[in-house]
Amino acid sequence: MTDKNRSQWDLKRFVETLTYFEVVPLINWIQDLFQGRTKDHQNQPSGAKQVGVILVAGATGGVGKRVVRRLVEQGYRVRSLVRDIEKARTILGDQVDLVVADITQPETLTPLVMANIQAVICCTAVRVQPKEGDTPEREKYYQGVKFYQPEIVGDTPENVEYRGVKNLVEAAAKYLPTSEDQILFDFTNPSTEIKNIWGAVDDIVMGGVSESNIQLVENTALFAGNVSTANSGGFASVRTKNFSPAFNLSGYEGIELRVKGDGQRYKFFLRTDTRWDGVGFSYSFDTIANTWINVRIPFADLTPVFRAKILQNSPPIDTSQVSSFQLMLSKFEYDGQLNPHFSPGGFALQLESIKAYGGENLPQFILVSSAGVTRPGRPGINLEEEPPAVRLNDELGGILTWKLKGEDSVRASGIPYTIIRPCALTEEAGGKSFIFEQGDNIRGKISREDVAEICVQALKQPQACNLTFEVKEGENRASSVEWQKLFSQLQPDKQ
Ligand SMILES: NC(=O)c1ccc[n+]([C@@H]2O[C@H](COP(=O)([O-])OP(=O)(O)OC[C@H]3O[C@@H](n4cnc5c(N)ncnc54)[C@H](OP(=O)(O)O)[C@@H]3O)[C@@H](O)[C@H]2O)c1
């Protein structure tokens, strides 16, 4: 950069860019050393965590706590609805997000509890315990290895299993998004500071002098700056750090941006390659000056590029592994063509949101109910052969009858749902094969671990929508479970 005719190239900004994106690990290592940081600098935002929250009700219970653990392990944003925060901390630890509410008291299902939910998993239940009392011996009762005469303690089945579930369904219906769209970035209500995720990548990386940034202004993200064509430059952009885990957008048709621009043509990139200088999947879109528009970017219309050169033989984007996004204003289109709607100088693009659109319908309310709910009073039932809850339904305050009414409120809600009716629950390790049935005729047992896994899997399976089914474990251990096959062999409920 010695040529006097050339504009002043800014080394400091160049280094800042590389440091922000951790392109040169050595620079970050030296920085950490000087600033006394020992933790690894892979402070990557999580793709899974950008999407909505999974609310788990009954999170302190045998199934609920396992659902929470699995969701956290899989990178979901989880919120645990609990009645007693101290008890919940001892069961769930310090790292989980807890909210205090009681499903029998609808006024406690406040926006604090319900905001930004993507799905609800309901594992609540009335308290049933051996009549002898809640002694260490009762372990055997919970493990399903010994029968004790049970009784309800605390609130009634009518209140918890029916009214409580209905309250939760009604509250959820007000907050759940329509499942075809998934907000990835809501700049009107951001969940993370923008500067922790998005950073500028201007043509300074190639010797240019363009300059841009992105910041929150008036409940929007404003991507603005100055593009200069000096030093053979001509682009400004903002890019996210790599997300880990990556965004899984399989099942969606594309990305929708809500933007207000200045009449210029911009580019949006998605990357599955976590390398700094790798393949990008690009889409050019025109803006209308000072007008809010929705821009749809179908995944099928993305152009694979390497530094604005089209890659002819690249496979299509793997939408289950989207690791970063980038917005750009460039003098160039592709393969050296000029951007027809570009002028150098100041520019501004405002963004309200970035969504994935055209998603498959996924279950949004998962209810753990019970096998046997339709059996009390059913003609031809031999009570001798039935599990205790069926035999003792009346003594237990109509527990199964109210559970069925709770199920009915889910089925009638219009929310895509999955109702899981496990047979007797055990504390065993799980990992057995599953037997899924419909018609409420099976008897058997299943571990709480496995029920928790079914809850989490149902969240991801379009085939699990609007199903009610019973489940017990089979004889054999399952080496792997074909979830899609298991769910798709079932008949959806008649609406
Ligand atoms: N036991 C079996 O053999 C069997 C068989 C088939 C199906 N099921 C069903 O499977 C499900 C899960 O069973 P589980 O053993 O995991 O149950 P659990 O250990 O008894 O847990 C019940 C959970 O519900 C919570 N809860 C109760 N009332 C509530 C309310 N009003 N508001 C908010 N939370 C409330 C409890 O919270 P606290 O900690 O505050 O009490 C607890 O976290 C239940 O629906 C159960 O009926 C059980």
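Estimated from helical segments only, the mean residue ellipticity of the chain at 222 nm is -5500 deg cm²/dmol, where each DSSP H run of four or more residues counts as -39500 (n - 2.57).
Sorting 418-425, 254-261 by their mean Cβ neighbour count within 10 Å, with the most densely packed peptide first, gives 418-425, 254-261.
Legend: residues VAL481, VAL113, sorted from most to least accessible area (1.4 Å probe; ligands, DNA and RNA excluded), read VAL481, VAL113. Expressed to the nearest 5 percent, the antiparallel share of DSSP beta bridges inside the chain is 70 percent. The distance linking region 418-475 with region 58-97 is 20 Å (Cα centroid to Cα centroid, whole angstrom). Note on the chain: with charges restricted to the Cβ of Lys and Arg (+1) and Asp and Glu (-1), its dipole about the Cα centre is near 540 debye. Against the longest alpha carbon principal axis of the chain, how many degrees, from 0 to 90 and to the nearest 10, is the axis of helix 165-175 turned? Roughly 10 degrees, rounded to the nearest 10.
Mind checking the angle between helix 25-34 and the chain's longest principal axis? C-alpha axes, 0 to 90 degrees, to the nearest 10. Rounded to the nearest ten degrees, it is 80.
Taking a Cβ cut-off of under 14 Å around LEU490, the surrounding Lys, Arg, Asp and Glu residues balance to a net charge of -2, with basic ones at +1 and acidic ones at -1.
Between ILE255 and ILE297, PHE299, TYR357, the built amide H atoms are under 5 Å apart, and every one of these is 5 or more places off in sequence or on another chain.
THR60 exposes around 40 Å² of accessible area when a 1.4 Å probe is run over every protein chain in place. Would you kindly calculate the translational diffusion coefficient of region 435-478, applying Stokes-Einstein with the Kirkwood radius from alpha carbon pairs, for 37 °C and a viscosity of 0.692 mPa s, and quote it in µm² s⁻¹ without decimals? In µm²/s, the coefficient rounds to 286. Residues whose amide H comes within less than 5 Å of that of PHE434, counting only those at least five positions distant or on another chain, are GLY474 (H built at 1.01 Å from N in the peptide plane). For the chain, the relative contact order works out to 15 percent when only alpha carbon pairs closer than 8 Å and six or more residues apart are counted.
Compared with the dominant principal axis of the Cα atoms in the chain, helix 448-458 is inclined by about 50°.
Over the chain, what percent of the accessible surface lies on carbon and sulfur atoms, probe 1.4 Å? All intermediate terms of the calculation are to be shown ahead of the outcome.
Values: 11440 of 23390 Å².
C and S atoms contribute 49 percent here.
With protein chains left intact and a 1.4 Å probe, residues in the chain average 47 Å² of accessible area per residue.
Taking amide H positions as modeled 1.01 Å from N, with prolines and chain starts lacking one, the residues under 5 Å from SER447 and 5 or more places away or on another chain are THR426.
Protection proxy ranking of 456-467, 379-390, by the mean of other Cβ atoms within 10 Å over each peptide's residues and highest first, is 456-467, 379-390. Rolling a 1.4 Å probe over the protein chains gives VAL205 an accessible area of about 40 Å².
What pairs from LYS166/LYS460; LYS355/LYS403; LYS174/LYS485 go past 27 Å between their alpha carbons? Listed pairs above 27 Å: LYS355/LYS403; LYS174/LYS485. Counting only heavy atoms of the protein chains and using a 1.4 Å probe, ARG391 has close to 100 Å² of accessible surface. The modelled label-to-label distance between GLN8 and GLN74, using points 7 Å beyond Cα along the C-beta direction, is 5.4 nm.
The values are calculated or read from the model by the stated rules, or taken from the named source; none is laboratory data. Please read these numbers as outputs of a predicted model, since none were measured by experiment. Positions of Cβ are generated from backbone atoms using ideal geometry, with glycine treated the same way; all protein chains shown enter the neighbour counts. The area values use the complete protein model at the heavy-atom level, side chains included, leaving out ligands, DNA and RNA. Shrake-Rupley method; radii C 1.70, N 1.55, O 1.52, S 1.80 Å.
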